[in-house]
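Worksheet: one structure, shown below.
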Amino acid sequence: MRLIALLAFAIALLFPVRVSAEDGYDLWLRYRALEAGQQDRIRPHATALVSEESDPTIDRIAAELGTALGAMLGAPPPARRDAPAGAIVFGTPKSPRIAALGLPLGKLGREGYLIRSVAIDGKPVTVIAGNTSIGALYGAFRFIRLIQLGEPIDRLDIADRPRLDLRLLNHWDNLDRHVERGYAGQSIWDWQKLPGFADPRYTDYARANASIGINGTVLNNVNSNADILTEPFLKKVAKLADIFRPYGIRVYLSARFSAPIEIGGLKTADPLDPEVAAWWKAKADEIYRHVPDFGGFLVKANSEGQPGPQDYGRSHAEGANMLAAAVRPHGGVVMWRAFVYANENPDDRAKQAYSEFQPLDGTFADNVIVQVKNGPIDFQPREPFHPLFGAMPKTPLMMEFQITKEYLGFATHLVYLGGLWEEVLRADTHRPRAGTTVADVLDTPVRAGAPTGIAGVANIGNDRNWSGSQFDQANWYAFGRLAWNPDESGHAIAADWSRMTWGDDPALTSAITGMMLRSHQAVVDYMTPLGLNHLMATGHHYGPGPWVDDLPRRDWNPTYFHDADAAGIGFDRTRTGSNAVAQYAAPVARRFGSLATVGDDYLLWFHHVPWDHRMASGRTLWDELVVRYDRGVAEVAAMQQAWAALAPKIDARRHREVSDFLAIQREEAKWWRDACIAYFGSIAKRPLPAGHAAPPHDLQYYKAIRHPYAPGN
Ligand code: GCV
């Protein structure tokens, strides 16, 4: 026996097994021991955790600071009632010690915070304070981030508050746990076991979201099922709300407009029918009995077959206002989506949301906020900003970004979206004047007290790494940071995320952020270069299908979007075409409307351009298209190389996972390139530019590829 034990000991010494190989579960809250020197610098400023208050959020702050500092410093600072030198004192002005400091909290609102190095009873301490304990919680996460990023914490004076009121995730999760456009496994909401069993993961979900300032979550798909509004489900929803509440996260639900018929036994869902309005009012009252701080409804109406007020000849505003009246007594909001288009409408799909909603400006109730996708089509790899931003000055508008990568290669393609979102948020709407960016439109209330907001379609599932890939966590993270402050730089956010997620070695950070920042242009190049869009294969949106022309809706077919013919390629949205440019402010319309000023990024979005058109590069359009496709593939190869070189600096399991995904991405980038060049080449009928290889197969080969089981459909 003794010999066996000795042998086992020797083997263990020779082959040390990592007890917990890193798998990405910890996200950016990956608290790892700091280097000794850094620990020595931090310890004198983390001698004790002190709070004079007690509420569930204050308890969560104590727990998070304890966990984080414990892991980073080797032992958690003790909780104390007195405030010794080096203590961290946290809470609100309800704490006598914090009140006595007379801190300038006035302008920080409900959710802002102040972190300051001060003296209490002559002893140096760090105070983390908010007007509410939620503000203090955000401050605590910021303080932890400072330490994760190796910032000095001896002379702190930071005041911050979120720029937008509603900072929400939208889950497109169905009640059977299938996630529409989800690539990270099943829904994390295990409805069947709720409310009896609440997966501890729900708490980690709340922690992660609170750490980046997200303060609300819509639990179910906008293509919604009315059952979520029935009593058994409301009990489950209430359980989640109870878990999220101490983290400042309110729950919202997608409401199916026809619910009064489906679960209420009414014959109609007409918003002007008093019985319907009464049904929704009673339903709202019931929801608030279960969830007293319920946030409100998100509605997809009269879009892609969903029911809505137009089924009864009523407008979007009439539908939204009826629901708004139901939640208004409880302080709830209605987020009404502007993502609408109709096959019956022969007009350019890119114009339809604007045409439908802009005339309704000023007719929505004041607790309605219209939720607009970042671009006028549908989360394409790159889109110009949506013309509704700035065009409805009397209506609160909130942004809808897509964090999950429906049109960007799903989870296996490394694509950092921080840069794309920054591009949109910084776009100049010229409404009402030059310099008014999309971010300005979002964060300027249309009247005192009007809601402001932003939503991101979540990329979260029950995969161990949450987002389906290690790098997709960065998109969740970046969304939260930009929701808090839409003027932050995508680059800075990427660097912070990299340091907290992969380790704080400057060479690592610069290589990883370099990959992330180039990744968006890479996917644009190998999928939809020069303003092309919606070239994806049918249904699942996975893989190329630029030839598809047989779908029942005209505006579901890639051929509709690229409009390639023997003369050229691109959708004419100028005055000679659909005139979608006219939906923008005049200076923007002029820029997008002229071949001379539109630029490469949106060229084929707005113009039908001859194949031999001379580009800024000096190449013809056809040659440029091929060069871009090859450039995209080459960029993925460069990412592979950069990542391979990082192997010695990264834990084996996560490194391997990313390497494997990059290999898949390279294969698929090549597939996109080959299929698109084979197809567009068959129309352009021009030779490939010198040095660019012909696709290895003929067009029929690419057309025959099927993916019936692609996820997220
Ligand atoms: C939830 C696109 C997606 C749909 C999605 C829709 C929407 O069309 O493909 O899956 O439906 O957008 O945003 O409502």
*Could you state the per residue volume, in Å³, of the convex hull enclosing the Cα atoms of the range 299-423?*
128
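Can you tell me the FRET efficiency between Gln39 and Asp82 if r is taken as the Cβ-Cβ distance and R0 is 25 Å, rounded to the nearest 0.05? Let's see the in-between values first.
Details: r = 24 Å, r/R0 = 0.95.
Approximately 0.55, to the nearest 0.05.
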*asked:* Let's see if you can work this out: charge +1 on each Lys and Arg Cβ, -1 on each Asp and Glu Cβ, no other charges. What is the dipole magnitude of the chain about its Cα centre, in debye to the nearest 20?
replied: 1120
*asked:* Using only the Cα atoms of the range 373-414, what are the Rg and Dmax in Å?
replied: 12.5, 42
_Estimated Rh, the range 203-331: Kirkwood, alpha-carbon pairs, angstrom_ = 15.1
*From the cross-link list Lys300/Lys373; Lys300/Lys394; Lys373/Lys405; Lys193/Lys283, which pairs have alpha carbons spaced over 19 Å apart?*
Lys300/Lys394; Lys193/Lys283
*For the range 108-115, Karplus couplings with θ = phi - 60° (6.51, -1.76, 1.60), whole Hz, Gly/Pro x*: 8, x, 5, 10, x, 8, 9, 10
*Using only the Cα atoms, what convex hull volume per residue in Å³ does the range 2-160 have?*
151
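In cubic angstrom, how much convex hull volume per residue do the alpha carbon atoms of the range 379-490 span? Write out the running numbers ahead of the final one.
Details: hull volume 11.1 nm³, N = 112.
Value for the range 379-490: 99 Å³ per residue.
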_Tell me which of Trp279, Pro260, Thr452 sits at the most positive position along the dipole axis of the range 166-502, charges placed on C-beta atoms (Lys, Arg +1; Asp, Glu -1)._
Thr452
*Name all residues of the range 567-600 having a backbone nitrogen under 20 Å from the label point set 7 Å from the Cα of Asp612 along its Cα→Cβ direction, giving them as ranges.*
567-570, 595-596
*asked:* Can you list residues from other chains, or at least 5 along the same chain, whose modelled amide H is less than 5 Å from the amide H of Gly568?
replied: Trp611
*Stretched out fully, how many nm does the piece from Thr268 to Gln186 gain, at 0.36 nm a residue minus the Cα gap?*
26.1 nm
*Return, for the Cα atoms of the range 48-93, the radius of gyration and Dmax in Å, separated by a comma.*
10.2, 31
*Working out 0.36 nm times the residue gap between Ala694 and Ala21, then minus their Cα-Cα distance, what length gain in nm do you get to one decimal?*
237.9 nm
*Packing-based order for 354-361, 123-130, 445-452, using average beta carbon neighbours within 10 Å, highest first*: 123-130, 354-361, 445-452
*Between Ala507 and Arg433, how many nm apart are label points set 7 Å from Cα along the C-beta direction?*
5.2
_Of all DSSP beta bridges in the chain, antiparallel share, percent nearest 5_ = 30
_Gyration tensor verdict on the range 166-502 (Cα atoms; rounded if a/c is under 1.5, prolate if a/b is larger than b/c, oblate otherwise)_ = oblate
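For the chain, what is the calculated [θ] at 222 nm in deg cm²/dmol (nearest 500), taking -39500 (n - 2.57) for each run of four or more DSSP H residues and dividing by its residue count?
Rounded to the nearest 500, the figure is -11500 deg cm²/dmol.
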*Can you give the alpha-carbon Rg of the range 398-438 over 2.2 N^0.38 Å, where N counts its residues?*
1.47
_Per residue solvent-accessible surface (Å²) - the range 166-502, probe of 1.4 Å_ = 28
*Mind ranking 524-533, 679-688 by how tightly packed they are, going by the mean number of other C-beta atoms within 10 angstrom, highest first?*
524-533, 679-688
*asked:* Across the range 76-201, what fraction of all alpha-carbon pairs, as a whole percent, falls in each successive 10 Å bin from zero upward?
replied: 12, 32, 22, 20, 13, 2
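May I ask you to compute the full-extension gain from Asp549 to Asp199, defined as 0.36 nm times their residue separation minus their alpha-carbon distance, rounded to one decimal in nm? Display every interim value, and only then the final one.
On the way: separation 350, 0.36 × 350 = 126.00 nm, distance 4.52 nm.
Full-extension gain reported as 121.5 nm.
For the range 103-162, what class follows from the C-alpha gyration tensor (a ≥ b ≥ c being the square roots of its eigenvalues): rounded when a/c is under 1.5, otherwise prolate if a/b is larger than b/c, else oblate?
On the way: a/c = 2.09, a/b = 1.18, b/c = 1.77.
Taking the square roots of the gyration eigenvalues as a ≥ b ≥ c, the range 103-162 is oblate.
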*Quick one: Cα centre-to-centre distance for the range 677-713 and the range 187-244, in angstrom?*
43
*the chain: radius of gyration over Cα atoms, expressed as a fraction of 2.2 N^0.38 Å*: 1.00
*Sorted by mean Cβ packing within 10 Å, highest first, what order do the peptides 264-274, 318-328, 562-572, 494-504 take?*
318-328, 494-504, 562-572, 264-274
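The values are calculated or read from the model by the stated rules, or taken from the named source; none is laboratory data. Keep in mind the model is a prediction, meaning the values are calculated, not measured. Here the Cβ is made from the backbone with ideal geometry for all residues, glycine too, and neighbour counts use every protein chain on show. Surface areas here come from the heavy atoms of the whole protein model, side chains and all, with no ligands, DNA or RNA. Shrake-Rupley method; radii C 1.70, N 1.55, O 1.52, S 1.80 Å.
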